[in-house]
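The values are calculated or read from the model by the stated rules, or taken from the named source; none is laboratory data. Quantities reported herein were computed from a predicted structural model and do not represent experimental measurements. Methodologically, a virtual Cβ is constructed for each residue, glycine included, from the backbone with ideal geometry; neighbour enumeration extends over all protein chains shown. Ligands, DNA and RNA are stripped out before the accessible areas are found, and what is left, the full protein with its side chains, is counted by its heavy atoms. Shrake-Rupley method; radii C 1.70, N 1.55, O 1.52, S 1.80 Å.
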Amino acid sequence: MSAPETTPRRRRKPAYRRRLRSRIILSFVLLGFGLTSLFAFATQWTRSRVENALVEDVMNTNIDEYARRYYVDPSRNPDLPFQQIRARVVGPDKFESLKIEQPDWYRLSDGIHRLSGNNPDGTPFVYKLAVRKTTDAWFFLAYDLTRASRGDEQFSRAIFGSVALFSFFSLLVGWWAASRVMSPVTELAQRLRGSGRSAEPEALASYFAEDEVGELAKTLDDLVDWDLLNDGPVCCAVGAVEIESGNFHYFDNRKERLDARHIMASGALPPGLPPVEIDGKLWWDGGLVSNTPLSHVLDTQDAELLVFQVDLFSASAARPKTIMDVIAREKEIRFSSRTRQISDQLVKLRTEREAIRRVLDKLPSALHNDPDVVRLTDMAREFPVNIVQLIYRANAWEGGSRDYEFSARTMAEHWAAGEAAVAETISHSELVAQNILDGKTAAFDLMPR
């Protein structure tokens, strides 16, 4: 009986904002627009503030001088040295007339005021008015800002044009940078997919948008035989952390079927890669919680094991000399300490269980069926395990981006370093072999430091 045909899941339409390339371009545009706008605002605000302070200082000085000249000779109208400034003095007998002629001036209190309006011919005007009111006379000093206002408008247009120009320039830079950054990823995915062989199982790339991540999903579908992976004799488990709960989980092919989503979730390191959705939940790289699957391997152990544990970060290194050395060393300590701590704890626990088993073997036969002894025997029962550490020793040129920098040169050097590490370990294999024959548990670091 043939299996019923399944309708392939339709791929979601590509959303421009979901593309990695688009996010890089958008980041450059927003950064350029934000910085240019901030600079433009600061420039405009500083210019206006300085101009207003200068104008008000000049007007305060001139109105005081105008009042002083008036009191020296009230019979004549004092002259002003500035063409843009007009002055008026109103005696007590004309206070009420001013209320009719200039009602807005009449209501103003002492100080500097900004007034605007339209002339009879419809042209706009803007001026600042200094007011000094005494019991003997009211003094008004008007400073024409019409020309300055036009200059402000021209300056604002120039500022807005600069913001648009620099935003467009940021778009071009972002476009170029995104092409430089993402073209190797896209090219690598296309070449790998082209060199792979077709797989019969359903393609899982339909779960992803048509972006660079989708390219990698299609590569996995083309290169991996998912039926063989899930039904074959080799155990495969990948770790990921669920974003909302923060819980760590191993996707194990002995408990659930794996596909491209699980593999990609285990490598979705933020913020460079987006989370991967599995059964309605979003998952990130499990390395955020634990950088070694050793605990899962030993928890599910059902036979003697020889474990090769690969660590990309060395616990020991020279003192940092530059800020980039500091960033790199911080990551080495953070990641390697987790691996070393977990490995040390598991080996310590196994050593303690070996001691418990030796004590239990020394008990008289009369106690072998005691419930507590039986329970303790079950708890201490385990298979020996030998752990061989393969630790990557970083090159001098590598910096703080080692946890997400996977260029062609970097990958070639990592492969060469791994080959050398395995060869060096094999040259000392008699130590590991003797420990296996003795049925003991131990951890080995056979690489030269």
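For Val388, the residues whose amide H sits under 5 Å from its own are Val307, Phe308, Gln309, Phe444, ignoring neighbours fewer than 5 places away on the same chain, with H placed 1.01 Å from N. Counting 0.36 nm for each residue step from Thr351 to Asp279 and taking away their Cα separation leaves a gain of 21.9 nm. Highest mean packing first, where packing is the average number of other Cβ atoms within 10 Å per residue, the peptides 427-438, 252-263, 125-136 line up as 252-263, 125-136, 427-438.
With the simple model of a label 7 Å out from the Cα in the direction of the Cβ, Ser295 to Val373 spans 3.4 nm.
Here the Karplus relation 6.51 cos²θ - 1.76 cosθ + 1.60, evaluated at θ = phi - 60°, turns the backbone of segment 159-173 into coupling constants of 5, 4, x, 5, 4, 5, 5, 5, 5, 5, 4, 5, 4, 5, 5 Hz, with x for every Gly and Pro. Only lysines eight or more places from Lys99 in sequence, or on another chain, were considered; those with a Cα closer than 27 Å are Lys128, Lys133. In straight-distance terms, cross-link reach from Lys281 covers every one of the lysines whose alpha-carbon lies under 21 Å from its own, apart from those fewer than eight places away in the same chain; here that gives Lys13, Lys255. Taking the 1.4 Å solvent-accessible surface of segment 302-449 as the whole, the part contributed by carbon and sulfur is 61%.
In this simple spin-label model, placing a label point 7 Å from the Cα along the Cα-to-Cβ direction at both Leu229 and Leu171 gives a separation of 4.0 nm.
Couplings 3J(HN,Hα) of segment 105-112, computed from phi: 5, 4, 7, 6, 9, 4, x, 10 Hz, in residue order, whole Hz [Karplus 6.51 cos²θ - 1.76 cosθ + 1.60, θ = phi - 60°; x for Gly and Pro].
Of the trypsin sites (Lys or Arg not before Pro) found in segment 265-337, the ones in coil according to DSSP and having at most 15 other Cβ atoms within 10 Å of their Cβ are Lys321. Using the Cβ-Cβ distance between Thr46 and Asp144 with R0 set to 22 Å, the FRET efficiency from 1/(1 + (r/R0)^6) comes to roughly 0.45.
In the full protein context, segment 365-439 carries 63 Å² of accessible surface per residue, based on a 1.4 Å probe and ignoring ligands, DNA and RNA. For segment 248-388, relative contact order (Cα pairs under 8 Å, six or more residues apart, normalised by length) works out to 24 percent.
Computed 3J(HN,Hα) for segment 26-38, one whole-Hz value per residue from the Karplus formula 6.51 cos²θ - 1.76 cosθ + 1.60 where θ = phi - 60°, is 4, 5, 5, 5, 5, 5, x, 5, x, 5, 5, 5, 5, glycine and proline marked x.
Among rounded, prolate and oblate, which fits segment 214-290 when a ≥ b ≥ c are the square roots of the eigenvalues of its C-alpha gyration tensor, a/c under 1.5 means rounded, and a/b larger than b/c means prolate? It is oblate, given that a/c is not under 1.5 and a/b is not larger than b/c.
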